[in-house]
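A short write-up of the structure that comes next.
The values are calculated or read from the model by the stated rules, or taken from the named source; none is laboratory data. Treat the numbers as computed from the prediction; the structure is a model and nothing was measured. Neighbour counts run over all protein chains shown; Cβ positions are idealised from the backbone, glycine included.
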Amino acid sequence: MTPITLTPWSPNDLPLLHHSNSPAMTAHTGGPEDDEKLTARQQRYVALSQRDATEGRMFRVSLEGTDEPVGSVGYWPREWQGKQVYETGYGILPEFQGRGLAVAAIVAVAQAAREAGGPRELHAYPSVDNAASNVVLRKAGFRLLGEVEFEYPPGHLLRSNDWCLDLEEQPLGE
């Protein structure tokens, strides 16, 4: 697997958030956000990374041995179908896609969620039309549970696949 480093999200990561806010990166999640929404997202990401790890984390993804950001990944608690689970989300910048970095980032964040304790399941909800993201989750060892209606962004129902990883099972990834 491609070696990456996860670093807790910091106030210095706002440029990465801006770089990720492109039509290509947000095509399956409602499109780019305005500056006000990006600022609010940055504040949530920083706050999440300063709480107890059982409450989730956001990370900057970098190539191992460099400080160059290539994307982001995180996990956070949510209620899903009557139980507490972790949800994950991720994005690798277009210029770094196709190298296995997303799979490596998801495997690493799953390990971080496992080590944090908390819910046993980690879920991801990519659009059914986002073929690349669905392949990433399969390669990372997630199990496809089926199609669901998922609200993202708020107020917008998205036809998604519900992927699940049991954090108590080994191994992660292919």
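Among the listed residues Ala47, Ala24, Ala40, identify the single one that is modelled with pLDDT under 85, among the hydrophobic types (A, V, I, L, M, F, W, C) and outside any loop (DSSP other than H, G, I, E, B). I'd like the intermediate steps shown before the answer.
Numbers: Ala47 fails: modelled with pLDDT under 85; Ala40 fails: modelled with pLDDT under 85.
Of Ala47, Ala24, Ala40, the one residue that is modelled with pLDDT under 85, among the hydrophobic types (A, V, I, L, M, F, W, C) and outside any loop (DSSP other than H, G, I, E, B) is Ala24.
Counting only residues that are over 22 Å from Thr5 (Cα atoms), give me the strands (runs of 3 or more DSSP E) lying completely in segment 62-174 with at least 2 of them. Break it down into steps so the answer makes sense when it comes.
Numbers: elements: 69-80, 83-92, 121-124, 143-151, 157-166.
Hits in segment 62-174: 69-80, 83-92, 143-151, 157-166.
Name the residue, out of Gly82, Gly141, Gly155, Gly91, that is in contact with a helix residue (DSSP H, G or I) (Cβ under 7 Å, 6 or more places away or on another chain) and of a type in the set (Gly, Ala, Ser). Explain how you work it out, then say what you get.
Values: Gly82 fails: in contact with a helix residue (DSSP H, G or I) (Cβ under 7 Å, 6 or more places away or on another chain); Gly141 fails: in contact with a helix residue (DSSP H, G or I) (Cβ under 7 Å, 6 or more places away or on another chain); Gly155 fails: in contact with a helix residue (DSSP H, G or I) (Cβ under 7 Å, 6 or more places away or on another chain).
Matching residue, one of Gly82, Gly141, Gly155, Gly91: Gly91.
Looking at this structure, is Thr29 crowded, with 16+ Cβ neighbours inside 10 Å, assigned to a loop (DSSP other than H, G, I, E, B) and either at pLDDT 95 or above or of a type in the set (Ser, Thr, Tyr) (or both)? Give the steps one after another, and end with the answer.
Values: crowded, with 16+ Cβ neighbours inside 10 Å: yes; assigned to a loop (DSSP other than H, G, I, E, B): yes; either at pLDDT 95 or above or of a type in the set (Ser, Thr, Tyr) (or both): yes.
Against the criterion (crowded, with 16+ Cβ neighbours inside 10 Å, assigned to a loop (DSSP other than H, G, I, E, B) and either at pLDDT 95 or above or of a type in the set (Ser, Thr, Tyr) (or both)), Thr29 qualifies.
Take Pro94 and decide whether it is surrounded by fewer than 16 Cβ atoms within 10 Å (Cβ to Cβ) and modelled with pLDDT of 90 or more. Spell out the reasoning first.
Numbers: surrounded by fewer than 16 Cβ atoms within 10 Å (Cβ to Cβ): yes; modelled with pLDDT of 90 or more: yes.
Yes: the conditions hold for Pro94.
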The one condition Tyr75 fails out of (1) closer than 16 Å to Leu165 by Cα; (2) free of Cβ contacts under 8 Å to residues at least 24 places away in the same chain is (2)
